[in-house]
Amino acid sequence: MAVNLATLRDRLTYRNTATPALVRKDMGQLSQIDKQAEVETAKFRKRRNLAATIGTIFGFLAFVTFGLTLLIAVPAIVFAIQTQEKVKYHRRLDLPNYRYQLLNRLLPILERDMRPSGRVAAILQFDPPDNKTKVVRKIPHPRRPGWQIELFEDPWLTLRGRLIDGTRFALTLTQHHQERSGKNVNNKLRIRPRYKGIDLRLELKCLPQRYPNLATIKNPEQAVQLPKGVLLKEIRVDSRTLVLKAKLSEQAHLNFMPALGNFQATPSAVVSPQLQAEAEKNLEDDLHRTIVLMFMSAYQILNLTRMAEQKRA
Amino acid sequence: MRIQLIFTDPGSDMPKRPILETPIALGSEFMVMPSLLSDRRVSRLTIKDPQISSYHALIDDFDGQVMVIDQQAPAGVKVNGVMEQAAALKDGDRLQLGGCEILVRLVIAAETAPARSLAQPVPSAATPVSAESTSASGSRVSATVIPGDGCDRRVGFLFPRRCGRLTTKGCPHCQDGQMQEEPYFYYPEHAYYTNYGSYGGWDGGYGSTTGIDFTDADAASLATSDVDFEQDMGAS
């Protein structure tokens, strides 16, 4: 399925069930859409800034001299407002690169262990993590009276499929975000956004006849290897299911701040675009490594049950 | 002539069983071994072992007689435990190069024909080909069917197994048959979990166990429908 631009603009969600090769092709298309949006946004942003500067200068001159410069200032400001709308229009499709690039890197790995006709179901969301629909809780600020903290959960990637051994996998990535808001001493509203890490959940549902006595395995957490800075939150094993939950801490990516939809919540400490791009790339690499290790750790556990069964036979 | 060399790679401690066309150069440095001999393309097999010279030995076919020739390697070449400068090889001989012992299997037409019939009906180009048999002791063993001209490289991320393409043409794993020197197709991801498949430190309460490979027959026996997870997703 080719990516439908109108639907993508409307919902900011990619959803497809297809072979990994086709999904990767779609990721290539998303990459082109994203690059085009970045170019257009930068172009209109430049025009807007120029028009706003001209409008401000000539508006000031008109105020001082009561002259005809107002004839230049007004159209310039109108043009700046119109261009701002175009910036907004194109910025909507300026997608977070790390999301589609991560999926694009994961698919070829999983494809190796899928049947040639095997399909994956992928849902990839691109809307900002501070979208109000993603609020899960509101709590009072523990130290600032009158302030509150909104907790957001953004499950931006869901990937399901079946591996060659018949095991079904479901991988979910949930990004956590917080917004601390309240009034400062000047009685002005302040919003402080915080990136709070990413939860990764891998669930494997396997065939009991292939991996017998899975529930009897002892200390499965000892088989789990994760990168530094990634915390194993939970490991659950029963007769046919293995669930691994890990957390990629925000401390590992201090420069990372996702693009936000709430204009007021733009972080005060602006990180340079170069540093931000670097932080995104690091986050993508760490996610990739963590997911690979989660799969390998899970299969280290599953394969042990199979070996023990063969040994018994 | 095609020859199968069965050995345990000293570097990775993994079993390997490439099928190679003569002449076959054996050594530790791929680039040092000749790529052509008398206008014939040389299959170069790299074995990473400190006792194996960069170009250690050559296996070639002389008028139907397969010979192994020592290439002045300090460690020499042993055939069935006897040091030899040059020796004829027969099916089942054991070569010793440095610390690596290699079992030689001569792959002749008679062996290849029934192997192909086992693969009937003819699988698709990407379907692995294998057969499963029972050993004398009664334990299940997986035997790899020797393909005619297919790709014998081992692929897979979680399940190491043969590529099994019936032709090397267009195969991404052996790159059109040009990458026969290294029968295992490893991916950088394997370096993340270095002791994957090894259970030295953790045994899950089962006691000591040994490594195991996922066989192609396993995959065939587990073929099931793909529909349910798509319904779970509610995806269009």
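Applying the Karplus relation 6.51 cos²θ - 1.76 cosθ + 1.60 with θ = phi - 60° to segment B:28-34 yields 3J(HN,Hα) values of 9, 10, 4, 6, 6, 6, x Hz, where x marks Gly and Pro. Restricting the calculation to Cα atoms, segment A:73-143 shows an Rg/Rh of 1.23 when the hydrodynamic-style radius is the Kirkwood one. The length gained on full extension between A:THR65 and A:ALA21, counted as 0.36 nm times the residue separation minus their Cα-Cα distance, comes to 9.3 nm.
Mind pulling up the Rg/Rh value for segment A:127-312? Radius of gyration and Kirkwood radius, both on Cα. Numbers along the way, then the final one.
Working: Rg = 20.3 Å, Rh = 18.7 Å.
Using only Cα positions, Rg/Rh for segment A:127-312 is 1.09.
Between helix A:20-65 and chain A there is an angle of about 20 degrees, using the helix long axis and the longest principal axis of the Cα atoms.
Could you tell me the total accessible area buried at the A-B interface, probe 1.4 Å, in square angstrom to the nearest hundred?
Details: alone 17980 and 13830 Å², together 27160 Å².
That pair of chains buries around 4700 Å² in total.
Given a 10 angstrom Cα cut-off, can you work out which residue in A:ILE123, A:ILE33, A:ILE217 is the most mobile in a GNM of chain A? So, out of A:ILE123, A:ILE33, A:ILE217, the one fluctuating most is A:ILE217.
Let's test the formula: R0 of 25 Å, r as the Cβ-Cβ distance of A:LYS132 and A:LYS188. What FRET efficiency results, to the nearest 0.05? All intermediate terms of the calculation are to be shown ahead of the outcome.
Values: r = 21 Å, r/R0 = 0.86.
Rounded to the nearest 0.05, the efficiency is 0.70.
The residues B:SER12, A:SER181, sorted by heavy-atom accessible surface at 1.4 Å with ligands and nucleic acids left out, run B:SER12, A:SER181 from largest to smallest. For B:LEU37 and B:GLN85, the FRET efficiency from 1/(1 + (r/R0)^6), where r spans their Cβ atoms and R0 equals 25 Å, is about 0.85. Between A:ALA42 and B:THR167, the distance separating the two model label sites (each 7 Å from Cα on the Cα→Cβ line) works out to 4.5 nm. Shielding of peptide A:287-294 by partners, expressed as the average count of other chain Cβ atoms within 10 Å per residue Cβ, is 2. In terms of distances greater than 30 angstrom between alpha carbons, the cross-link table entries A:LYS43/A:LYS183; A:LYS88/A:LYS134; A:LYS134/A:LYS218; A:LYS25/A:LYS46; A:LYS86/A:LYS138; A:LYS138/A:LYS188 yield A:LYS43/A:LYS183; A:LYS134/A:LYS218; A:LYS25/A:LYS46; A:LYS86/A:LYS138. Of the residues A:VAL136, A:VAL230, A:VAL292, the one that moves most in a GNM of chain A with alpha-carbon contacts below 10 Å is A:VAL136.
Each of the peptides A:275-282, A:162-169, B:26-33 was scored by the mean count of other Cβ atoms within 10 Å over its residues; in descending order, highest first, they stand as A:162-169, B:26-33, A:275-282. Using the Cβ-Cβ distance between A:THR13 and A:SER249 with R0 = 25 Å, the FRET efficiency computed as 1/(1 + (r/R0)^6) comes to roughly 0.40.
What angle do you read, to the nearest 10 degrees and between 0 and 90, between the alpha-carbon axis of helix A:70-91 and the longest principal axis of chain A? Helix A:70-91 sits roughly 10 degrees off the main axis of chain A. Between amide H atoms placed 1.01 Å from N, distances below 5 Å from B:ASP91 occur with B:LEU106, all of them 5 or more places distant or on a separate chain. Helix A:273-312 axis versus longest C-alpha principal axis of chain A: approximately 10°, rounded to the nearest ten. Taking chain A as a Gaussian network of alpha-carbon nodes connected by springs under 10 Å, the highest mean-square fluctuation of the residues A:LYS218, A:LYS35, A:LYS86 belongs to A:LYS218.
For segment A:159-175, backbone phi angles converted through the Karplus equation (6.51, -1.76, 1.60; θ = phi - 60°) give residue-by-residue couplings of 9, 10, x, 10, 8, 5, 8, x, 6, 8, 10, 9, 10, 10, 10, 10, 8 Hz, Gly and Pro being listed as x. Computed extension gain for B:GLU101 through B:GLN175, at 0.36 nm per residue and net of the alpha carbon distance, reaches 23.9 nm. Label separation (A:GLN274 vs A:THR216): 6.1 nm, computed from points 7 Å beyond Cα along the C-beta direction. Here the 3J(HN,Hα) profile of segment B:10-16, calculated from phi with Karplus coefficients 6.51, -1.76 and 1.60 at θ = phi - 60°, is x, x, 9, 6, 10, x, 9 Hz, Gly and Pro shown as x.
The values are calculated or read from the model by the stated rules, or taken from the named source; none is laboratory data. Just so it is clear, the model here is predicted, and its values are computed rather than measured. Every residue, glycine as well, gets a Cβ built from its backbone with ideal geometry; the counts of neighbours run over all protein chains shown. Please note that ligands, DNA and RNA were not included when accessible areas were found on the heavy atoms of the full protein model with its side chains. Shrake-Rupley method; radii C 1.70, N 1.55, O 1.52, S 1.80 Å.
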